[in-house]
Amino acid sequence: MHVLPLPGRSLKQASSRLLWIPALVLVWNGTAAAQSTEAWNEARVLALITQARAKRHSLAVDTAFRSYVGQARGYVYFLIDRPDSEERTLLKADQIALEVFWRAPNQTGQRIVGRRDEKMLPTNIRYHLDHLTVVQDDFGDFIRLGDGDEVEQVLHPLGPDAESVYDFLLADSLSISYGDGVETRVYEVRVRPKEYRQPGLIGSVFLDRGTSAVVRMNFTFTPASYVDPYLDYIRISLDNSLWDGKYWLPYRQEAELRRELPELDFMVGSIIRGRYEIGGYEFNAEIANPGLLGRRVTALPRDQLEAFPFERGLFDDLDEQGLAPSPSLEEVRAQARRAFQDRYLSGLSPLRLYLGSGSSAARYNRAEGSYLGAGLTVRTAGDVRLRASAGYAMGRGKASFATSMTGGPDPVVPTVEAYWNRILDFGPASTASGFTNSLAASVGINDYLDPFFSRGVSLAFNSRAAGTPSVLLRWERHESAQDVVSETPGTDLRPVRTIDEGILGAVELRLPVGLPANGTGSLTATGARFETHTFAALQGNASWTLRDRAERWHAQLHASGGLVTNAAPTQALFLLGGRETLPGYGYRDFVGDRFWLVRAEGTFPLRSPWVSLRVSGGLGATYLDSRVVPPDWQARDSEGLRSTLGAGLALGWDVLRFDVARGLRDGKWQLIFSVAPRFRGWL
């Protein structure tokens, strides 16, 4: 017997031999397909289901239990996310207060008595009523969501004749611990549809060992269950608790719905996430207004909703829980994968157009000129994702392409990639979005890339769990870029810097690091061989954020540093200066085989949300020692400490930024236009 939640498994060790790529992928897929011969639909588990069904309906015939009135408090968040990263951005937050009613034999009702909301970014989202309410009876015999627009008439696993629709497995005997420390011994019964292609529920039902009452339900749905073609998934977790020593009634509920464009894989999705806690039950209470019953949802007038005295702040739950999925919702995904390892579980079309970002479709820079591209995504059995993209650089007169395959069982997911003429940028970090760079280069202001081209293959191992290490193996050839847009290269825009051309083989280990005061950080260690030389590199990043979501101000502190050994190629060196590093100095004028950089910035509303004041500062240095860089780089080490100060305005929910900065040691004034970092990946 063990206690939920279960601890996650550690990251599997990855091989460093690229020749093992095909074998490793086959092993992972073979593991995914291999299922132990589990005893589904045994007589014991079917008897449990029968008892649970009877218990579920027993309240209706309990003559001592006539009614209840309860209170519910909840939060609903509307987010956008990038499926290839852990990044989520809040668009809107709602806080809800409800009164819930029940009267024998099966009359229910809810009344919204309090509601307030705040938009972090402009949105016209309107929720279905069941996103703003709670589930009182474990959904009844048939599950319906979004007024039938999302899920329509999916049979409950404890519904009538459910044994003809679902398979059941007695998975475990364990204990569930609630916030008050009381543990309840339960049976976990896993549920899956007999026919995957039909509407059905996938997940687990946790039954009290003594009474067979439903204590918890964690579940998602088969793709055929989703009515809305935009739906990627719906995940739900319902917890009941024992009240008055006799009645299992709602205690905590969570749900998450994710949508994407059904025709286009644009690496962005929208998420509705709700979390409610229910309590304060009064049993056999008189319900003064019978009109509140009948499975109806009513609401007080708007002025009364807004005047409700909430016990907690609008963002208190978000500050405690964060934007990431809760462990309960993560377990729902894991349960579905265990039930159908070889099946595609998303409601989205398995074949879609693919764009990794706006600039992967169209961009402009001095190494490619105008570039146009497109791609295709195919999701196959076992949730394996295949992507292929191609494009043509008109100024360079060459095509490029990339293919990737991602998929495999938990906890580690391998990604194999092959690419040809991929454009890369060297330096410690990207300093502009693709849109910003294309705009600046096309009008002759600057090209913020130091580009070179790469062709090769890579194998990455990433965990689905946040905060775990990742491994990347690369074998690729590097080639210098040329200015293909200027009549006189190096005069209209910055000169294109040459690199050391040749073949690189590298192993990279990225380790997330937790830091004091809620900071986040990472260490990236690289061991590599370039042509006939072996070298190593180490880079670290750390950041801290302080914010008040209600007042709309936030401040960040970023620190980074790194070093490479003497045998590293020139494209492995670090570049500082100008936007996003040390504004007020020449763009990437400082080069080194070692560097450090500390930057701080704050954004404070002047007229929320339209205009905010920004202040920033930075301090850093590079060190080159005896290393000689190519003459066309026109760069040197920083010759000691460099510092900068700046101020500016952020417009429209802190999306567009205009900053003025000056380098404090032999620097100059600079005007910098940028887009908030949380949106750069999509541009």
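The values are calculated or read from the model by the stated rules, or taken from the named source; none is laboratory data. Given the structure is predicted, the values throughout are model-derived calculations rather than measurements. Note that we place each Cβ from the backbone using ideal geometry, even for glycine, and neighbour counts take in every protein chain shown.
Checking V378 against (1) surrounded by 21 or more Cβ atoms within 10 Å (Cβ to Cβ); (2) closer than 26 Å to D232 by Cβ: exactly one of these is not met. Which one?
If we test V378 against (1) surrounded by 21 or more Cβ atoms within 10 Å (Cβ to Cβ); (2) closer than 26 Å to D232 by Cβ, just (1) comes out false.
Out of T534, T526, T520, which single residue is surrounded by fewer than 14 Cβ atoms within 10 Å (Cβ to Cβ), in a strand (DSSP E or B), free of Cβ contacts under 8 Å to residues at least 40 places away in the same chain and not charged (D, E, K, R)? Walk me through how you get there before you give the answer.
Values: T526 fails: surrounded by fewer than 14 Cβ atoms within 10 Å (Cβ to Cβ); T520 fails: surrounded by fewer than 14 Cβ atoms within 10 Å (Cβ to Cβ).
On inspection, the qualifying residue turns out to be T534.
Just the residues that are crowded, with 17+ Cβ neighbours inside 10 Å and over 22 Å from D659 (Cβ atoms), please, taken from region 564-593.
Here is the first cut: in region 564-593, the residues crowded, with 17+ Cβ neighbours inside 10 Å are 564, 568-585, 587-593.
Once the filter is applied, which keeps residues that are crowded, with 17+ Cβ neighbours inside 10 Å and over 22 Å from D659 (Cβ atoms), region 564-593 yields V564, A568, P569, T570, Q571, A572, L573, F574, V591, G592, D593.
Conditions: (1) touching a strand residue (DSSP E or B) at 6+ places or on another chain (Cβ under 7 Å); (2) farther than 25 Å from S212 by Cβ; (3) touching a residue at least 40 places away in the same chain (Cβ under 8 Å). P262 meets all but one. Number of the miss?
Answer for P262: the failing condition is (1).
Considering (1) touching a strand residue (DSSP E or B) at 6+ places or on another chain (Cβ under 8 Å); (2) of a type in the set (G, A, S); (3) in a helix (DSSP H, G or I); (4) over 30 Å from V496 (Cα atoms), say which one A334 fails and leave the rest.
Unmet condition: (1).
Can you name every residue in region 537-553 that is within 30 Å of G322 (Cβ to Cβ), free of Cβ contacts under 8 Å to residues at least 60 places away in the same chain and of a type outside the set (K, R)? Walk me through how you get there before you give the answer.
Taking region 537-553 as the starting set, the residues that turn out to be within 30 Å of G322 (Cβ to Cβ) are 538-553.
Among the residues that remain, those that are also free of Cβ contacts under 8 Å to residues at least 60 places away in the same chain are: 538, 540-548, 551, 553.
Result: L538, G540, N541, A542, S543, W544, T545, L546, D548, E551, W553.
Can you pull out every residue in region 424-464 that is hydrophobic (A, V, I, L, M, F, W, C), crowded, with 19+ Cβ neighbours inside 10 Å and in a strand (DSSP E or B)?
Hits for region 424-464 are F452, F453, L459, A460, F461.
For region 493-504, which residues satisfy the criterion of being touching a residue at least 60 places away in the same chain (Cβ under 8 Å) and either of a type in the set (F, W, Y) or surrounded by fewer than 17 Cβ atoms within 10 Å (Cβ to Cβ) (or both)? Before you say what the answer is, go through the steps one by one.
Here is the first cut: in region 493-504, the residues touching a residue at least 60 places away in the same chain (Cβ under 8 Å) are 493-500, 502, 504.
P495, G502 - these are the residues of region 493-504 that are touching a residue at least 60 places away in the same chain (Cβ under 8 Å) and either of a type in the set (F, W, Y) or surrounded by fewer than 17 Cβ atoms within 10 Å (Cβ to Cβ) (or both).
Select from region 365-380 the residues that are in a strand (DSSP E or B) and among the charged types (D, E, K, R) and list them in ascending order. Write out each step before concluding.
To start, the set of residues in region 365-380 that are in a strand (DSSP E or B) comprises 365, 369-379.
Listed by number, the list holds a single entry, R379.
For region 141-194, name all the residues that are touching a helix residue (DSSP H, G or I) at 6+ places or on another chain (Cβ under 9 Å), under 17 Å from A339 (Cα atoms) and without any contact (Cβ under 8 Å) to a residue 24 or more places away in the chain.
Of everything in region 141-194, nothing turns out to be touching a helix residue (DSSP H, G or I) at 6+ places or on another chain (Cβ under 9 Å), under 17 Å from A339 (Cα atoms) and without any contact (Cβ under 8 Å) to a residue 24 or more places away in the chain.
Out of Y196, Y187, I need the residue that is farther than 19 Å from P262 by Cα and not in a strand (DSSP E or B). Which one? Walk me through it before giving the result.
Working: Y187 fails: not in a strand (DSSP E or B).
None of the others qualify; the one that does is Y196.
Scan P301, P325, P290, P309 and give me the residue that is modelled with pLDDT of 95 or more, closer than 30 Å to R116 by Cα and assigned by TED's automatic domain parsing to the domain that holds R235. Working first, answer last.
Values: P301 fails: modelled with pLDDT of 95 or more; P325 fails: modelled with pLDDT of 95 or more; P290 fails: modelled with pLDDT of 95 or more.
That would be P309, the only listed residue that is modelled with pLDDT of 95 or more, closer than 30 Å to R116 by Cα and assigned by TED's automatic domain parsing to the domain that holds R235.
Please go through region 105-131 and pick out each residue that is within 19 Å of N240 (Cα to Cα) and either in contact with an Asp or Glu (Cβ under 8 Å, 6 or more places away or on another chain) or not assigned by TED's automatic domain parsing to the domain that holds G70 (or both).
Matches in region 105-131: N106, T108, Q110, D130.
Report yes if some residue within region 638-659 is closer than 30 Å to Q482 by Cα, over 29 Å from the mean Cα position of the chain (by Cα), outside any loop (DSSP other than H, G, I, E, B) and in the same structural domain as N437 (by TED's automatic domain parsing); otherwise report no.
Start the filter on region 638-659 by keeping residues that are closer than 30 Å to Q482 by Cα, which leaves 638-639.
Those left that are additionally over 29 Å from the mean Cα position of the chain (by Cα): 638-639.
The next check asks that each one be outside any loop (DSSP other than H, G, I, E, B); those that pass are none.
Within region 638-659, none of the residues are closer than 30 Å to Q482 by Cα, over 29 Å from the mean Cα position of the chain (by Cα), outside any loop (DSSP other than H, G, I, E, B) and in the same structural domain as N437 (by TED's automatic domain parsing).
Could you check region 259-295 and list, in sequence order, the residues that are under 30 Å from P229 (Cα atoms) and polar (S, T, N, Q)? Give the derivation first.
First, the residues of region 259-295 that are under 30 Å from P229 (Cα atoms): 259-276, 295.
Result: S270, single match.
Could you identify the single residue in S237, S241, S270 that is of a type in the set (S, T, N, Q), part of a strand (DSSP E or B) and closer than 18 Å to I80 by Cβ?
Selected residue: S270, the only one of S237, S241, S270 that is of a type in the set (S, T, N, Q), part of a strand (DSSP E or B) and closer than 18 Å to I80 by Cβ.
Of the residues that make up region 153-161, is at least one surrounded by fewer than 17 Cβ atoms within 10 Å (Cβ to Cβ) and closer than 24 Å to S270 by Cβ?
Taking region 153-161 and keeping what is surrounded by fewer than 17 Cβ atoms within 10 Å (Cβ to Cβ), we get 153, 160-161.
Subset that is closer than 24 Å to S270 by Cβ: none.
No, region 153-161 contains no residue that is surrounded by fewer than 17 Cβ atoms within 10 Å (Cβ to Cβ) and closer than 24 Å to S270 by Cβ.
Given the condition farther than 30 Å from A550 by Cα and in the same structural domain as S560 (by TED's automatic domain parsing), answer yes or no: does some residue in region 596-603 qualify? Give the derivation first.
Step one: of region 596-603, the residues farther than 30 Å from A550 by Cα are 596-597.
Remaining after also requiring in the same structural domain as S560 (by TED's automatic domain parsing): 596-597.
Yes, because at least one residue in region 596-603 is farther than 30 Å from A550 by Cα and in the same structural domain as S560 (by TED's automatic domain parsing).
Do you know which residues across region 539-563 are surrounded by 14 or more Cβ atoms within 10 Å (Cβ to Cβ) and either among the hydrophobic types (A, V, I, L, M, F, W, C) or assigned by TED's automatic domain parsing to the domain that holds L91 (or both)? Explain how you work it out, then say what you get.
Residues of region 539-563 that are surrounded by 14 or more Cβ atoms within 10 Å (Cβ to Cβ), as a first pass: 539-544, 547, 549, 552-563.
Those that are surrounded by 14 or more Cβ atoms within 10 Å (Cβ to Cβ) and either among the hydrophobic types (A, V, I, L, M, F, W, C) or assigned by TED's automatic domain parsing to the domain that holds L91 (or both): A542, W544, W553, A555, L557, A559, L563.
For region 330-355, which residues satisfy the criterion of being out of contact with any helix residue (DSSP H, G or I) (no Cβ under 9 Å at 6 or more places or on another chain), touching a residue at least 60 places away in the same chain (Cβ under 8 Å), among the aliphatic types (A, V, I, L, M) and under 26 Å from W682 (Cα atoms)?
Result: L353, single match.
So that you can scan it fast, the table gives a plain yes or no per residue for (1) more than 19 Å from the chain's Cα centre (by Cα); (2) on the phi < 0 side of the Ramachandran plot:
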| residue | (1), (2) |
| --- | --- |
| G322 | no, no |
| V378 | yes, yes |
| S389 | yes, yes |
| V412 | no, yes |
| A418 | yes, yes |
| F426 | yes, yes |
